[in-house]
Amino acid sequence: MATLVTFHAHPDDECIQCGGVMRKAADEGHRVVLVVATRGELGEVEDGFLAPGEDLTTRRVAETHAAAEILGVSRVEFLGYTDSGMMGEPTNEIPGNFWTASVEEAATRLAAILTEESADVLTVYDDNGGYGHPDHIQVHRVGLRAAELAGTPRVYQATANRDEIDERRAAARAQGEDFGPPEDMKIGKPAVELTARVDVTAYAGAKRAAMRAHASQIAEDSFFLALPDPAFALAFGTEWFIRDGQGPGITETDIMAGL
Ligand SMILES: [Zn+2]
């Protein structure tokens, strides 16, 4: 048995980015630990969704624990920073948020968990944080430094396959349909930079159930959940990573291989 620590910026990122590898590792008998930098304080919620007097942060923490259970997580930790909001927003500058945090200080907090858990594998994000959100970019910087401090042997940068998204968007458009994120949003990395492709089709049901647990953020009629099962499995049934020292091309199909 080995230990996978998976590091994320906000509640719900874990199931979208790594839900498959988390449930897969748990099913194979590994320990899975989820660390989230912020409580997603700046998420938007529809009027009337929260109960009178209920605050969004409390709700998002509860949703994270519910999703974590579905994904087979044994331990959930929040690093205690606040959400920085989208790039360019005034909230980027608020002290105490993750974006303005010292990388060294945040990495020390995460490294303490990695050391305590004797983590074998850590997942972070690519250097653009998948799509440029400041807290996601910070997950990359803090995560890599924490792995260095703790001596964590394997680090995978969770990302998306940009070429594949572009192809699917073009195909959808040819059918007169919409697909996924807007074209001007640079998502993930070019296929040529990816080194690990994990087939998580078998865990698509768990991944979807975990997304549903984040009901304050992922609506039933959202792009994520509105897809019929086969389309969902196609869109979310593969998780892509970059690991330094691997490649060129896909050289791994399992982030827990050999452990
Ligand atoms: Zn996020």
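No value in this document is a laboratory result; all are computed from the given coordinates. Given the structure is predicted, the values throughout are model-derived calculations rather than measurements. Counting neighbours? That spans all protein chains shown, and the Cβs are built from the backbone with ideal geometry, glycine included.
So here's what we get for this one:
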quantity	calculated
Phi to ³J(HN,Hα) by Karplus 6.51 cos²θ - 1.76 cosθ + 1.60 over segment 227-236, Hz, x for Gly, Pro	5, x, 3, x, 5, 5, 4, 5, 6, 10
Where Rh is the Kirkwood radius over Cα pairs, Rg/Rh for segment 20-117	1.02
Residue range of the chain that is longest and free of GluC sites (Glu not before Pro) which are both DSSP loop and sparsely packed (at most 16 other C-beta within 10 Å)	55-176
The chain - percent relative contact order, Cα under 8 Å, separation 6 or more	23
Amide proton proximity set for Tyr125, modelled H, under 5 Å, gap of 5+	His140, Ala158
Student exercise, segment 3-242 dipole from Lys, Arg, Asp, Glu Cβ charges, in Debye to nearest 20	640
Segment 162-173 - phi-based ³J(HN,Hα) in whole Hz, Karplus 6.51/-1.76/1.60, Gly and Pro as x	4, 5, 5, 4, 4, 4, 5, 5, 4, 5, 5, 5
Ranking of Ile94, Ile137, Ile187, Ile255 by count of other Cβ atoms within 10 Å, fewest first	Ile94, Ile187, Ile137, Ile255
All aspartates and glutamates inside 18 Å of Lys186 as judged from Cα atoms, apart from same-chain residues fewer than 8 positions distant	Asp13, Asp126, Asp127, Asp135, Asp163, Glu164, Asp166, Glu167, Asp178, Glu239
Global geometry of the chain, whether rounded, prolate or oblate, following the gyration tensor of its Cα atoms and the 1.5 cut on a/c	rounded
Given charges at Cβ of Lys, Arg, Asp, Glu: the chain dipole, positive-most of Met185, Ser216, Pro230	Pro230
Relative contact order %, segment 1-129, counting alpha carbon pairs below 8 Å whose residues are six or more apart	33
Cut-off 12 Å between beta-carbons: net charge of the residues surrounding Gly129, Lys and Arg +1, Asp and Glu -1	-1
Ascending count of other beta-carbon atoms within 10 Å, so fewest first, for Met185, Met211, Met86	Met185, Met86, Met211
